[in-house]
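The values are calculated or read from the model by the stated rules, or taken from the named source; none is laboratory data. Owing to the predicted nature of the structure, the values given are computational and were not obtained by experimental measurement. So basically every Cβ, Gly included, is an ideal-geometry build from the backbone, and we count neighbours across all protein chains shown. The accessibility values were calculated without ligands, DNA or RNA, using every heavy atom of the protein model including side chains. Shrake-Rupley method; radii C 1.70, N 1.55, O 1.52, S 1.80 Å.
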Amino acid sequence: MASTNSWTLELESKVSAPRKFRACVMDWHTLAPKLAPHVIDNAHHVEGDGGTGTVRHIHVTCFGRVAVPFNAMKKKVEFLDVDKCECKYTIECDGVETSTWNIKMKPTANGGSVAIVECTSKGVQANDMMLKAKESAAEMFKTVEAYLIANPNAYN
């Protein structure tokens, strides 16, 4: 029987919740190859318009496999509320039967935000993969924050 592993990550940011959500969730398939070309080779819509039901494929570079534990993944948006900056998606990738990600961006009093990421995975190699996934998610959010701070007009 497959094991189940989960983790929660909370990351504070100087960037507002709507901007961070648009960059990290709504447009990550476009932004990732630009911000992390050493990790993400390409990403594109397979079906859908970006909302609930949308499926995206993401392909990892050979060097990127050090940062993320797979070659390619299929990401399906299960729930999306842009106004509340919340989403849920499922992932299928090498060595992992399924992963479910819940992401919420909450505003903070100082105009920034807190990203709350919850991930649950089932799979035979879940322990190592979950640790790498958590590290990769934290790095991705930090990279996007740096980009948004350096580009204050992006995703307004």
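What to note about this one:
- Pairs with Cβ under 7 Å, 6+ apart, first in the range 99-111 and within 11 Å of K14 (Cα to Cα), second in a strand (DSSP E or B) and open to solvent by less than 50 Å² (accessible area, probe 1.4 Å): P107/S113; T108/V114
- Residue pairs whose Cβ atoms lie under 8 Å apart, separated by 6 or more positions or on different chains, with the first residue in the range 117-146 and over 19 Å from A23 (Cβ atoms) and in a loop (DSSP other than H, G, I, E, B) and the second of a type in the set (G, A, S) and modelled with pLDDT under 80, are V124/A2; V124/S3; V124/G95; Q125/G95.
- Across the range 1-15, the qualifying residues are those that are modelled with pLDDT under 85 and of a type outside the set (S, T, N, Q), and the one among them that is nearest to F141 (Cα to Cα) is A2.
- Residue selected from the range 1-60 under the condition open to solvent by less than 30 Å² (accessible area, probe 1.4 Å) and aromatic (F, W, Y), by the criterion farthest from A154 (Cα to Cα): W7
- Within the range 88-132, considering residues that are hydroxyl-bearing (S, T, Y) and modelled with pLDDT of 95 or more, the one most open to solvent (accessible area, probe 1.4 Å): T108
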